[in-house]
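Visitor: Structure below; questions to follow.
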Amino acid sequence: MHMNPLPFSKYCRAGGLVFLSGELPLGPDGAIPAGIEAQTSLVLERIGGTLSGIGLGLQDIVQVTVYLTHAEDFAAFNATYQRHFAAPYPVRTTVVAPLVLPGARVEITVVAEDKPPHAGAEQQ
């Protein structure tokens, strides 16, 4: 079993929802791609991978919180984001704030509606 070296869970199931921790644009090699479009796509792909691993998908997301490091990235971020979702879109909040990971321009956290048979609480 792989243990997360940081003191938080990747996701937590509770009350019919799945809460994902913030996702950063880290590639498999640990590199951060250049540009907000590439970073946004990578973050959403990583979120999709986490959800897929527990039987869910991007279509199950009901709430999104986005952290951008630069307000001027919003239009390009939004265009990339929109390609990953279909209407009706999840509710979303976007905040401009510094991020812990140098070079990262976006971090996204989501809440998804859980699907049976996962009725109890679970973390990973």
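Visitor: Can you work out the PRE-style zone for residue 94? Point 7 Å along Cα to Cβ, and I want the residues of region 47-68 with backbone N under 18 Å.
Guide: Residues 62-68 fall inside that zone.
Visitor: What is the set of long-range amide H partners of residue 23 at a cut-off below 5 Å, with H atoms built 1.01 Å from backbone N?
Guide: 108, 109
Visitor: Residue by residue through region 15-30, what is 3J(HN,Hα) from phi via Karplus (6.51 cos²θ - 1.76 cosθ + 1.60, θ = phi - 60°)? Round to whole Hz and write x for glycine and proline.
Guide: x, x, 10, 10, 9, 9, 5, x, 10, 10, x, 9, x, x, 8, x
Visitor: Between residue 45 and residue 76, what length in nm is gained on full extension when 0.36 nm per residue of separation is reduced by their alpha carbon distance? Present the calculation step by step, with values, prior to reporting the outcome.
Guide: On the way: separation 31, 0.36 × 31 = 11.16 nm, distance 1.68 nm.
Fully extending the segment from residue 45 to residue 76 adds 9.5 nm.
Visitor: Rounded if a/c is under 1.5, else prolate if a/b is larger than b/c, else oblate: which is region 1-42, with a ≥ b ≥ c the root eigenvalues of its Cα gyration tensor? Intermediate values should be presented prior to the final figure.
Guide: On the way: a/c = 3.41, a/b = 1.60, b/c = 2.13.
It comes out oblate by the Cα gyration axes.
Visitor: Scan region 1-87 for trypsin sites (Lys or Arg not before Pro) in coil per DSSP, keeping those whose Cβ has at most 12 other Cβ atoms within 10 Å, and list them by number. Could you put the intermediate results ahead of the total?
Guide: Values: sites: 10, 13, 46, 83; in loops: 10, 83.
When the trypsin sites (Lys or Arg not before Pro) of region 1-87 are filtered for loop state and at most 12 Cβ neighbours within 10 Å, 83 remain.
Visitor: So if I place +1 on the C-beta of Lys and Arg and -1 on the C-beta of Asp and Glu, and nothing else carries charge, what would the dipole magnitude of region 11-115 be about its Cα centre? I want it in debye, nearest 20. Could the numbers behind the result be given before it?
Guide: Details: 6 positive and 10 negative charges, 32 e Å.
Result for region 11-115 is approximately 160 debye, rounded to the nearest 20.
Visitor: Summarise the long-distance tail of P(r) for the chain by giving the % of C-alpha pairs beyond 19 Å.
Guide: Values: 3550 of 7626 pairs.
In whole percent, the share of Cα-Cα pairs in the chain beyond 19 Å is 47.
Visitor: Roughly how many nanometres apart are two label points built 7 Å out from the Cα toward the Cβ at residue 21 and residue 85?
Guide: If labels sit at residue 21 and residue 85, their model points lie 2.3 nm apart.
Computed from the coordinates by the stated procedures, all read-outs in this text should not be read as laboratory data. Since we're looking at a predicted model, the values are computed, not measured. Here Cβ is always computed from backbone atoms with ideal geometry, including for glycine, and neighbour counts include all displayed protein chains.
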